[in-house]
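Undergrad: Mind looking over this structure? Questions follow.
The values are calculated or read from the model by the stated rules, or taken from the named source; none is laboratory data. Owing to the predicted nature of the structure, the values given are computational and were not obtained by experimental measurement. Don't worry about glycine lacking a Cβ; one is built from the backbone with ideal geometry, like all the others, and counts go over all protein chains shown.
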Amino acid sequence: SKKIIIAIDGFSSTGKSTIAKELAKKLEYAYVDTGAMYRAVTYYAMENGFVGLEFLKEDKLIENLKNIKLNFRYNEKLKFSEIYLNGKNVEREIRTMEVSSLVSKISAISAVRKMLVKQQQEMGKERGIVMDGRDIGTVVFPDAELKLFMTASAEKRANRRYKELLDKGNDVSFEEVLKNVQERDYIDSTRKDSPLKKAKDAVEFDNSNMGLKEQFERVLSIAERCI
Ligand code: C5P
């Protein structure tokens, strides 16, 4: 069978990464969570005082992009690739509400996108990869053999993210999470550079009322037809 690129895009917390991970495991493909890369750059910007709720030192961040080294390392125990920022595992640090509330601001910066898109294209050049994000089917791999676009109602999505955050021991309210999901979707789909939108040739999946198992089976059967 031939190796293909599977691009999965969609709004935040649509369960993209869950489906992407399962699919990669089943097909024995690599999986790349591009959101983690934007989150890691955001975390770096926060730590260095380049971004906060009330400010953004865009020039400073751009000047320092060359000092940001990102890589993924497979964790055998967790069966999952974890992201490293300048040699440090930052999986936990990048999933906080603080990062979530700043990431859309950072990901609207063209220089940041340019750097990360280049790295993503490099990772997929051998194909045999499942990548999820916002612009994978439109910008990173416009020639991907399979493109999926995931949607679900904002409430359903906020509810999923809320449960996830509680499970990880975060102290947040549902309203706060809902507001963040809506704000991110708005900024992500209205930004100038690479806005979130469905690629013309993407298959749309509304999973508001679909269980994970059914969703996965449907996605897998579509993927198998492409391979
Ligand atoms: O996928 P996740 O929700 O972790 O992504 C976090 C944020 O990173 C998104 O809200 C978006 O602003 C940005 N992002 C992006 N392009 C991608 C992946 C993520 O702009 N390909």
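Undergrad: Only one residue in Thr96, Thr42 is at pLDDT below 95 and within 16 Å of the ligand (Cβ to nearest atom). Which one?
TA: Of Thr96, Thr42, the one residue that is at pLDDT below 95 and within 16 Å of the ligand (Cβ to nearest atom) is Thr96.
Undergrad: Right, here's the next one. Consider Glu91 carefully, then state whether it is of a type in the set (Asp, Glu) and at pLDDT 95 or above.
TA: So Glu91 fits the description; yes.
Undergrad: Check whether at least one residue in the stretch 63-83 is within 16 Å of the ligand (Cβ to nearest atom) and of a type in the set (Gly, Ala, Ser), and report yes or no.
TA: Checked against the condition, which is being within 16 Å of the ligand (Cβ to nearest atom) and of a type in the set (Gly, Ala, Ser), the stretch 63-83 yields at least one hit.
Undergrad: Name every residue in the stretch 193-221 that is outside any loop (DSSP other than H, G, I, E, B) and in contact with a strand residue (DSSP E or B) (Cβ under 6 Å, 6 or more places away or on another chain), in order of residue number.
TA: Selection gives Val203, Glu204, Phe205, Asp206.
Undergrad: Here's another thing I want to ask about it. Would you mind telling me which numbered condition in (1) within 12 Å of the ligand (Cβ to nearest atom); (2) within 23 Å of Phe216 (Cβ to Cβ); (3) not charged (D, E, K, R) Gln119 fails?
TA: In the conditions (1) within 12 Å of the ligand (Cβ to nearest atom); (2) within 23 Å of Phe216 (Cβ to Cβ); (3) not charged (D, E, K, R), Gln119 misses (2) alone.
Undergrad: For the stretch 126-165, enumerate the residues that are in a strand (DSSP E or B), touching a Phe, Trp or Tyr at 6+ places or on another chain (Cβ under 9 Å) and among the hydrophobic types (A, V, I, L, M, F, W, C).
TA: Answer for the stretch 126-165, where residues must be in a strand (DSSP E or B), touching a Phe, Trp or Tyr at 6+ places or on another chain (Cβ under 9 Å) and among the hydrophobic types (A, V, I, L, M, F, W, C): Ile129, Val130, Met131, Leu148, Phe149, Met150.
Undergrad: Okay, next question. Against the definition (in a loop (DSSP other than H, G, I, E, B), more than 14 Å from the ligand (Cβ to nearest atom), within 30 Å of Glu145 (Cα to Cα) and touching a strand residue (DSSP E or B) at 6+ places or on another chain (Cβ under 9 Å)), how does Lys25 come out, yes or no? It would help to see each step written out before you state the result.
TA: Values: in a loop (DSSP other than H, G, I, E, B): no; more than 14 Å from the ligand (Cβ to nearest atom): yes; within 30 Å of Glu145 (Cα to Cα): yes; touching a strand residue (DSSP E or B) at 6+ places or on another chain (Cβ under 9 Å): yes.
No.
Undergrad: List the pairs whose first member sits in the stretch 33-46 and is under 15 Å from Asp135 (Cβ atoms), whose second member is acidic (Asp, Glu) and within 8 Å of the ligand (Cβ to nearest atom), and whose Cβ atoms are under 7 Å apart, counting only residues at least 6 apart or on separate chains?
TA: Within 7 Å, the pairs are Asp33/Asp132; Thr34/Asp132.
Undergrad: Another question about this same structure. What pairs can you find where one residue is in the stretch 174-192 and of a type in the set (Val, Ile, Thr) and assigned to a helix (DSSP H, G or I), the other is modelled with pLDDT of 95 or more and within 11 Å of the ligand (Cβ to nearest atom), and their Cβ atoms are less than 7 Å apart, with a gap of 6+ or different chains?
TA: Final answer for the pair search is Ile187/Ser104; Ile187/Ala108.
Undergrad: If you take the residues of the stretch 130-148 that are closer than 18 Å to Asp206 by Cβ and either of a type in the set (Lys, Arg) or within 13 Å of the ligand (Cβ to nearest atom) (or both), which of them is surrounded by the fewest Cβ atoms within 10 Å (Cβ to Cβ)?
TA: At the first step, the residues of the stretch 130-148 found to be closer than 18 Å to Asp206 by Cβ are 132, 134, 137, 146-148.
Next, from what is left, pick out any that are either of a type in the set (Lys, Arg) or within 13 Å of the ligand (Cβ to nearest atom) (or both): 132, 134, 137, 147.
Details: Asp132: 28, Arg134: 27, Gly137: 29, Lys147: 23.
Out of the qualifying residues, it is Lys147.
Undergrad: For the list (1) at pLDDT 95 or above; (2) surrounded by fewer than 21 Cβ atoms within 10 Å (Cβ to Cβ), I need the number of the one condition that Ser81 fails.
TA: Going through the list (1) at pLDDT 95 or above; (2) surrounded by fewer than 21 Cβ atoms within 10 Å (Cβ to Cβ), Ser81 breaks only (1).
Undergrad: Taking the conditions exactly as written (touching a Ser or Thr at 6+ places or on another chain (Cβ under 9 Å), charged (D, E, K, R) and either at pLDDT below 95 or surrounded by fewer than 17 Cβ atoms within 10 Å (Cβ to Cβ) (or both)), does Arg73 satisfy them or not?
TA: Answer is yes for this residue.
Undergrad: Also, I was wondering about something else. For the stretch 8-22, what are the residues that are more than 10 Å from the ligand (Cβ to nearest atom), at negative phi and surrounded by fewer than 24 Cβ atoms within 10 Å (Cβ to Cβ)?
TA: The answer is Thr18, Lys21, Glu22.
Undergrad: Next question, about the same structure. Kindly check whether there is at least one residue in the stretch 47-55 that is part of a strand (DSSP E or B) and β-branched (Val, Ile, Thr).
TA: yes
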